[in-house]
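The values are calculated or read from the model by the stated rules, or taken from the named source; none is laboratory data. For clarity, every value in this text was computed on a predicted model and none was experimentally measured. In this analysis, Cβ positions are derived from the backbone assuming ideal geometry, glycine residues included, and neighbour counts consider all displayed protein chains. Note: accessible area is taken over every heavy atom of the protein model, side chains too, but ligands, DNA and RNA are not part of it. Shrake-Rupley method; radii C 1.70, N 1.55, O 1.52, S 1.80 Å.
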Amino acid sequence: MDYLKFVEKYDISITPSHPFLKIDISNPITNEELEEKAYIDTGFSGSLIITKSIFEKLNLNLIEIDETYYAIHAGRFITKLSPVIAVVRIKNFYYKKMKIFVHPYIDKVLMGREILNEIYLCLNGPKQVLEILYKS
Amino acid sequence: MKNVFLRGIDEETYREVKVKASLLGITLSEAVNIALKEWLKKPIIVEDKKSDVKEIADRLVEKYLKKGVKGYIVIFNNGENHAICSSIDEAINIIRKRYTEKKISSVLIREIKPRSIRFLEIGGGLLEICGEI
């Protein structure tokens, strides 16, 4: 089996630069889809944090889950999250319907360990690129 | 150490703090400093008010639990009507069907079981939170 390598440059508009992956998030009911930059957050134990604006654009109020989740930031700030079901796709090697979370204050998408632990990912800091190996 | 004058301190609390401080052999300022440091360690919880539809969901869960029903409740249009299904995939199919019939504006899915609280730790994003608070 051959492995293919996918490379994404770090976002250098943030100091210090931040690795991210371009992903597609879609509503499983309406099939509406958005491409977003998901910033790698190995400190996040869940799947994906999305913003209120993405929630509204994708009409994810059509697939909200009534479960109580709280986000703990630095062990101090606790914020209530709204779980929704969405389809997360990374290029042509990752496609999954899963529970993701709407955060009321964060204004960027964060990708956590629940997804990161399923992919072979290398943070090549000196070259400022994120590399992913996947089966062809 | 800074000298601070405070208004509106509850008299009963003040009296109790004074008594406890003298029993412990510390000054009132030391007691206040200890209390403030402990208070700073407490987490700040930012939470929205519970919505009406979630109260409806709680009532429905209670009703179906008594009947021994298992699965998920799909609540349409803020509690206008609901359906029972056995899995999330089945719920998605029901919602899709109603969506194509243009019958829904919002949907909440709730598993038929008592509400539990789960915590997720987040590394990034704290700068945005601090900005809001």
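Annotations for the structure displayed:
- Residue within the stretch A:47-58 that is among the hydrophobic types (A, V, I, L, M, F, W, C) and over 30 Å from B:R98 (Cα atoms) present: no
- Conditions (1) farther than 30 Å from A:R76 by Cβ; (2) in a strand (DSSP E or B); number of the one not met by B:I92: (2)
- Residue in the stretch B:108-119 that is at pLDDT below 95, closer than 25 Å to A:S26 by Cβ and open to solvent by less than 60 Å² (accessible area, probe 1.4 Å) present: no
- Tally, over the stretch B:11-49, of residues that are open to solvent by less than 90 Å² (accessible area, probe 1.4 Å), under 30 Å from A:T79 (Cα atoms) and not in a helix (DSSP H, G or I): 3
- Selection count, the stretch A:1-15, where residues are more than 16 Å from A:K127 (Cα to Cα) and not in a loop (DSSP other than H, G, I, E, B): 2
- When A:A74 is tested against (1) in contact (Cβ under 8 Å) with a residue 12 or more places away in the chain; (2) at positive phi, exactly one condition is not met: (1).
- The residues listed here are A:A71, A:A86; of these, the one that is at pLDDT 95 or above and under 23 Å from B:I117 (Cα atoms) is A:A86.
- The stretch B:99-125 residues that are more than 7 Å from chain A (Cβ to nearest Cβ), paired with ones that are buried (at least 20 other Cβ atoms within 10 Å of the Cβ) and part of a strand (DSSP E or B) (beta carbon under 7 Å, 6 or more apart): B:E111/B:Y72; B:I112/B:Y72; B:I112/B:I73
- Count of residues meeting criterion [in contact with a helix residue (DSSP H, G or I) (Cβ under 8 Å, 6 or more places away or on another chain), away from chain A (no Cβ under 11 Å) and open to solvent by 60 Å² or more (accessible area, probe 1.4 Å)] in the stretch B:76-98: 2
- Remark: A:P28 falls outside the filter, which requires a residue to be crowded, with 16+ Cβ neighbours inside 10 Å, farther than 23 Å from B:N93 by Cα and in contact with a helix residue (DSSP H, G or I) (Cβ under 8 Å, 6 or more places away or on another chain).
- Entry remark, the stretch A:22-32: residues being part of a strand (DSSP E or B) and either free of Cβ contacts under 8 Å to residues at least 12 places away in the same chain or within 14 Å of chain B (Cβ to nearest Cβ) (or both) number 1 in total.
- Restricting attention to the stretch A:40-68, the residues that are open to solvent by less than 20 Å² (accessible area, probe 1.4 Å), among the hydroxyl-bearing types (S, T, Y) and within 14 Å of A:I100 (Cβ to Cβ) add up to 2.
- Residue check for A:P126: part of a loop (DSSP other than H, G, I, E, B), at pLDDT 95 or above and more than 10 Å from chain B (Cβ to nearest Cβ): yes
- Which listed residue is without any contact (Cβ under 8 Å) to a residue 24 or more places away in the chain, under 34 Å from the mean Cα position of the chain (by Cα) and part of a loop (DSSP other than H, G, I, E, B), from B:R59, B:R7: B:R7
- The residue of the stretch A:82-96 that is surrounded by the fewest Cβ atoms within 10 Å (Cβ to Cβ), among those that are of a type in the set (A, V, I, L, M) and either in contact with an Asp or Glu (Cβ under 7 Å, 6 or more places away or on another chain) or more than 7 Å from chain B (Cβ to nearest Cβ) (or both), is A:V87.
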